[in-house]
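The values are calculated or read from the model by the stated rules, or taken from the named source; none is laboratory data. Predicted, not measured: the structure shown is a model, and the values here were computed from it. Here the Cβ is made from the backbone with ideal geometry for all residues, glycine too, and neighbour counts use every protein chain on show.
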Amino acid sequence: MDSNPQLPNHLLRDLMHVIRRTNDGDALIRFALSGKEPFSVFRFVVKNCTKAVTHRDRVFIQNVSPVPAPFNARFTFSKKASQALVLRFVREVHAISNLAQHIPLDQITRLTIDNYDNQLFSSNSIICSKSDPVLKMFYISDGFLDDLISGTASLTNLQKLEFGFTSKQLVKLMSTPSSFSLPEDVTLSIDVGDDALSNLVCLKTFPTVRHLDVNILLHDQLTSALLHKISAFIDCFTGLETAKIGFFYNHHLDKIDFDEVETFHKWLRGTSFPVPVEVSFSEYVQNALKQHFNTFCEQLKSIGYKESKFVVIRQFLIAKKYDNVKLTHFIRIY
């Protein structure tokens, strides 16, 4: 593709975005090699709008969100050298199975790992590089947790960390003395069910964390004991400046559900968090017990929940402030 060297930079960038949405890797390279300014735009867009995905020793390039399908499909290249040129400027990598050897780890700033490979955490790895990357592991393995606790896996130079834990893994992490530290910005997703946090003992603190975002997926009743375990967990982050707690709960309607709602509000009123906390609760209730349906709805409205009615769905929302807690609780009954 020939490009007019007199085109303003913003038009070159628009043209580059049009080309990348075609997923035509060869057209991308022809644009890049058509001049000094096009190459500069190519480099900027690749760094900010694409990612490399590795799977079984294969690597491919695709657009990152918010580009919708089908524009986030793989780029096609007729020559390996063309893809290699793009890889030089990619800054985000998603490792599905393992990380391809020819990925330039020292330049990566966002890394998502589906399966743990302890080679990534060696002294020459991205985790120990100077690039201050963001690391995401949606479901950490027991092997990674063991290496983290023992000090084999180092998270020293991370800028941001996003981890997914089971309840048992969280209990092990918090109750085992260890010397590892966490970065300033941490997001933790925790899968909670069946009294799994009843054995949670917080023996370790994390003074380095400044911004904490905790997402909790509930599978069982929201009890006072569980909520106080969560309070104790938050208190382990002694250097916090901001905190967010998100609850996600999908369950059948039960005659004690309103008691759980009251327990939740009582916990918020009575808990003294060390910093201002934003609490969001997204609750989806399947209406299996018809005899309790109207009573439950009226009880919600009696304590300030606002209702929105749809054809087969009733929604309730409350936005409230308790001391240093800002609450948004959304309930959808269907």
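Tabulated results
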{"quantity": "Any hit, segment 114-133, residues being hydrophobic (A, V, I, L, M, F, W, C) and either in contact with a Lys or Arg (Cβ under 9 Å, 6 or more places away or on another chain) or modelled with pLDDT of 70 or more (or both)", "calculated": "no"}
{"quantity": "Given (1) more than 29 Å from residue 270 (Cβ to Cβ); (2) part of a helix (DSSP H, G or I), number of the condition residue 308 does not satisfy", "calculated": "(2)"}
{"quantity": "Tally of residues being over 20 Å from residue 214 (Cβ atoms) and outside any helix (DSSP H, G or I) across segment 252-288", "calculated": "9"}
{"quantity": "Search result, residues across segment 228-247 that are in a strand (DSSP E or B) and of a type outside the set (A, V, I, L, M, F, W, C)", "calculated": "242, 244, 246"}
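Here's the yes/no breakdown for (1) closer than 21 Å to residue 263 by Cβ; (2) part of a loop (DSSP other than H, G, I, E, B); (3) not assigned by TED's automatic domain parsing to the domain that holds residue 324:
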position: 144; (1), (2), (3): no, no, no
position: 174; (1), (2), (3): no, no, no
position: 188; (1), (2), (3): no, no, no
position: 200; (1), (2), (3): yes, yes, no
position: 208; (1), (2), (3): no, yes, no
